[in-house]
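Read the structure below first, then the notes.
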Amino acid sequence: MKIYNTLSKRKEEFVPLEEGKVKMYVCGPTVYNFIHIGNARPMIVFDTVRRYFEYKGYDVNFVSNFTDVDDKIIKKAIEEGVTADEISKRYIAECKKDMEAMNIKPATKNPLATEEICGMVDMIQTLIDKGYAYEKNGTVYYRTRKFKDYGKLSHKNLDDLRSGERTLLVTGEDEKEDPLDFVLWKPKKEGEPAWKSPWSEGRPGWHIECSEMSKKYLGEQIDIHAGGEDLIFPHHENEIAQSEAANGKEFAKYWMHNGFLNIDNRKMSKSLGNFFTVREISEKYDLQILRFFMLSAHYRSPLNFSADLMESAKTSLERILTAAENLRFLSKNAANDTLTDEENELLDKSLEYVRGFEKAMDDDFNTADAIASVFDLVKFINTTADGSRSKKYLDSLYETLSRLTDVLGIIIDRKEEILDEDIEAMIEKRQAARKEKNFALADQIRDELLAKGIILEDTREGVKWKKA
Ligand code: AMP
Ligand code: ZN
């Protein structure tokens with residue numbers, strides 16, 4: 001299995017630190033608003049990476065944080081006249097709803113920065129003790145030039161470096177020993193949330209959060225650290241400097257970064273104002289379609305969002321769902337249950353598509369090619385599954401299709417939601433059919449309801465129904 005490692009700029013064979021286990025950390029969102037579909041890209045991509053590792057039999061410890069203390073959260077709280085805590089709690093809850101709707105598996109742990117300040121203070125103290133950090137008037141800075149490997153992830157030369165986009169503006173900025181030094185701890189300003197520390201009452205810098213939370217929940221060394229490509233510099237570069245200096249060990253073996261979700265070929269972002277929230281998209285589309293759209297491109301390629309591409313994702317997904325529905329229907333009505341020799345051979349042949357899928361996923365999670373193999377399987381299903389096949393044959397194809405789509409996080413056996421008034425209307429239609437002695441139609445309606453999970457009971461008082 002090969003993974004493209006930003007550190008070496010090459011695809012490398014994946015070798016876990018510990019046999020059968022994967023320790024994975026994904027930088028999560030800053031929670032001051034609803035997440036946009038650009039933020040959803042790393043969530044979908046790395047959930048799929050996790051699912052594929054699990055498919056291969058690995059036990060995955062998946063940690064992803066919420067950054068719940070930040071200038072933008074504080075600004076929003078001031079605008080609304082509420083506490084920063086209220087803002088972050090609200091948007092963590094909303095983000096979790098969106099993640100569930102996108103079928104993203106809950107993380108093993110979602111640490112909150114504000115609950116881990118103690119550990120961050122300890123880590124900063126270690127860095128000071130080791131000479132990698134210094135304090136000036138309550139602010140603690142990281143001594144960047146002291147860390148010899150600085151720039152190894154972003155492949156930047158120290159002398160060419162200017163401060164990145166995400167540089168934290170702090171009081172006392174001019175007191176740094178070197179313009180390259182970055183903030184580990186900063187004193188509070190009036191009205192800001194703050195915690196006690198040996199240096200000042202204040203709050204941690206953004207980068208130290210992830211170094212500490214990754215260490216606490218996964219250990220000093222992890223297999224994979226991931227996020228969007230805008231995080232390579234300075235965030236991940238700084239995380240490496242902090243973690244490796246404090247722990248004296250290589251931090252993460254593989255660094256994975258997803259490309260941007262663009263709109264009109266520009267990065268979708270809150271600051272540019274060119275974004276759609278996941279919630280907005282969910283009003284128009286089933287979020288499975290968004291997930292399918294995201295996985296139709298390689299995760300490292302830029303992906304342009306458009307209504308046309310979403311429509312085409314919808315049509316493609318529909319083909320998979322229809323094949324699954326046909327298999328369910330045929331299986332329910334299958335006359336026999338024994339595999340014929342011919343069916344055995346066909347099932348062997350269907351494994352070719354599974355191999356194609358795995359080959360694509362083994363090659364740095366090439367979901368675009370993996371989806372092509374799913375479509376080959378769908379074509380195979382459509383040409384070989386019919387009313388003459390045994391239930392075993394149909395169920396086996398269904399199981400194969402379901403196993404592959406599950407890696408992509410696509411649910412094929414979703415029961416259609418049915419409204420109470422629709423159930424009542426169908427029951428009335430069935431009663432009318434029975435009155436006309438059209439029992440075939442009456443039975444068909446009962447079966448249709450059963451397929452939607454509704455059980456009918458004919459009682460003396462009339463027809464009653466319940467959900468299965
Ligand atoms: P933020 O809340 O800005 O820290 O972003 C949370 C995650 O979303 C990070 O991994 C970012 O790299 C990622 N991200 C933000 N915007 C985009 C985008 N337009 N395309 C892909 N990933 C993005
Ligand atoms: Zn991070």
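The values are calculated or read from the model by the stated rules, or taken from the named source; none is laboratory data. Remember, predicted model here, so these are calculated numbers, not experimental data. Note that we place each Cβ from the backbone using ideal geometry, even for glycine, and neighbour counts take in every protein chain shown. Note: areas computed on protein heavy atoms with side chains; ligands, DNA, RNA excluded. Shrake-Rupley method; radii C 1.70, N 1.55, O 1.52, S 1.80 Å.
Compute for the range 261-325: radius of gyration divided by Kirkwood radius, i.e. Rg/Rh, restricted to C-alpha atoms, rounded to two decimals.
Values: Rg = 12.7 Å, Rh = 12.7 Å.
Value, to two decimals: 1.00.
Calculation over all alpha carbon pairs of the range 316-407 in 5 angstrom steps from 0 returns a P(r) of 3, 15, 26, 24, 17, 9, 5, 2, 0 percent. Residue ranking by accessible heavy-atom surface, 1.4 Å probe, largest first, among Thr315, Thr322, Thr114 comes out as Thr315, Thr322, Thr114. Between amide H atoms placed 1.01 Å from N, distances below 5 Å from Asn262 occur with Met268, Leu303, Asn304, Phe305, all of them 5 or more places distant or on a separate chain. With every protein chain in place and a 1.4 angstrom probe, the accessible-area ranking of Leu401, Leu339, largest first, reads Leu339, Leu401. Averaged per residue, the chain has 48 square angstrom of accessible surface, using a 1.4 angstrom probe with ligands and nucleic acids left out. Binning all Cα-Cα separations of the chain at 10 Å, short to long from zero, yields these whole-percent fractions: 4, 17, 24, 22, 15, 9, 6, 2, 1, 0.
Could you work out the relative contact order of the chain? I mean the mean sequence separation of Cα pairs under 8 Å and 6+ apart, divided by the number of residues, in percent.
It rounds to 16 percent for the chain.
Annotation: amide H-H contacts under 5 Å for Asp59 (H modelled 1.01 Å from N, sequence separation of 5 or more, or interchain): Lys21, Val22.
Computed over protein heavy atoms with a 1.4 angstrom probe, the accessible surface ordering of Ser243, Ser197, largest first, is Ser197, Ser243. Dimensions of the range 264-376 along the principal axes, based on C-alpha atoms and rounded to the nearest Å, stand at 61, 32, 18, largest first. Between helix 420-435 and the chain there is an angle of about 10 degrees, using the helix long axis and the longest principal axis of the Cα atoms. Taking the accessible area of the range 316-407, probe 1.4 Å, and keeping the other protein chains in place, the carbon and sulfur fraction comes to 48%. Only helices enter the 222 nm calculation for the chain: every DSSP H run of n ≥ 4 contributes -39,500 (n - 2.57), and dividing by all residues gives -15000 deg cm²/dmol, rounded to 500.
Amide H contacts under 5 Å for Asn5: Arg10, Lys11, Glu12, restricted to partners 5 or more places along the chain or on a different chain, H placed in the peptide plane at 1.01 Å from N. In terms of overall dimensions, the range 189-341 has a Cα radius of gyration and Dmax of 23.4, 78 angstrom.
Out of every Cα-Cα pair in the range 420-467, what percent are more than 12 Å apart?
Beyond 12 Å sits 60 percent of the P(r) for the range 420-467.
For the listed peptides 13-20, 218-225, a ranking on the average number of other beta carbons within 10 Å per residue, highest first, reads 218-225, 13-20.
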